[in-house]
1. Report the local net charge at residue 49: Lys and Arg +1, Asp and Glu -1, summed over other residues whose C-beta lies under 15 Å from its C-beta.
2. Figure the gain on full extension for residue 27 and residue 120 (residue separation times 0.36 nm, minus the Cα-Cα span) and round it to one decimal in nm.
3. Report, by chain and number, residues whose modeled amide H sits under 5 Å from the one on residue 287, excluding near sequence neighbours (fewer than 5 apart, same chain).
4. For every other residue with a beta carbon closer than 11 angstrom to the beta carbon of residue 251, add +1 if it is Lys or Arg and -1 if Asp or Glu, then tell me the sum.
5. What does the highest-first list of 106-112, 297-303 look like by mean Cβ count within 10 Å?
6. For residue 220, what charge total do you get from the other residues with a beta carbon under 13 Å from its beta carbon, if Lys and Arg give +1 and Asp and Glu give -1?
7. Provide the descending list of Cα extents for the stretch 105-150 along its principal axes, expressed in whole angstroms.
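Every read-out reported here was derived from the displayed coordinates using simple, explicitly stated rules and does not represent laboratory data. Just so it is clear, the structure is predicted and the values come from calculations on it, not from any experiment. Glycine gets a Cβ as well: all are built from the backbone with ideal geometry, and neighbour counts include every protein chain shown.
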Amino acid sequence: MKLRTLIIVAAAVAAIACGTEKPVELVPVELQTVATVDRISDTTFFSSPWSIKESSGDLYFLDATLNRVLRLDNDLRFRNYIGAKGRADNEFAMPTLMAISDDSVAVYDQSGKIKFFSAEGKYLGCTPLDKDAPTGDFAMQDRCIYFPTINVAQSAFVRLSDGVCTPFGTVDRDGDPTMLSIKNGRYIYIHGDRIIAVSQFYPEIEVYDRKSLQLEERIPYDDIPLVQQNIRPDYMPSSPSGFIGITPVIRDCCVHGDRMYMSVPDRINGKYNCNKVIAFDIGRRIRPTALYILGDGSYGSICADDKYIYAFDMKNSTICKIALP
């Protein structure tokens, strides 16, 4: 009897080690919005939220149309602006990407430069990028910048340190070359000694060693029903021009502590929705743990802290503070 018990336990441990255990059943949990803000003055509303980030209790809102970063506290109160519209090094020309590390803010705009500011808005310098332009969200840690790109032959990512670009990862180069930046769109995060990369269009998470830049693990999550719907061939029909759209698996993604949150769109009863977030535990192992329903809005960019998810409601042009369970 003891031998049989040991065999069963050993088989269970082996199954977990091999990643063959049954997928986590994600029961939807409705979250409550506790605060919203739709403007910071009588005349200034939110416009085009390309990115929202959280750092040290503050929120950073990248507005591409108004060419600036808006800094709020975690009660959604205004603190200061970073940058302004213009062509000078301390100004923005259509900013699209942002990373935060401690009190340093890095912004990439269409001038082809990553520009650095303090949290208070003081300009700290810039790094020009020639051919290695970011094609998705990027991360910053210990004076190193990590970003996805398709401009380096056969590489998906670049580490930029002291002006030196080191490529790593493998890019998907199948199909129409003009679709590369769409197919290989990724979000990238630093988590301890690991680099976590999430594809926007494939249900897959990649884990790299931060020092060696070697791929350690590739984790699919296409066994989640909500994700399975997004990768169906018939999900996105052809347009009248014959172009077949590539449907994103996720709308946005963020990491806080040992948790990762993915905003996942769906189409229920023919209606496009973007109000669901899948939470992943990324501590020892990466695995989905919860499915949250944010409300009846349509949410784009998201970020999170220990207690709340902050999301931009595209339907009502508001930033929402939503309590986690």
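1. Numbers: positive: 39, 53, 68, 71, 251, 315, 321; negative: 38, 54, 63, 137, 252, 313.
Net charge in that neighbourhood comes out at +1.
2. Additional length available on full extension: 29.3 nm.
3. Answer set, sorted by chain and number: 281.
4. On the way: positive: 276; negative: 252, 266.
For residues surrounding residue 251, the net value is -1.
5. Values: 106-112: 19.4, 297-303: 21.4.
Put in order of decreasing packing, that is 297-303, 106-112.
6. On the way: positive: 218, 287; negative: 204, 206, 217, 222, 223.
Net of charged neighbours comes to -3.
7. 33, 22, 14
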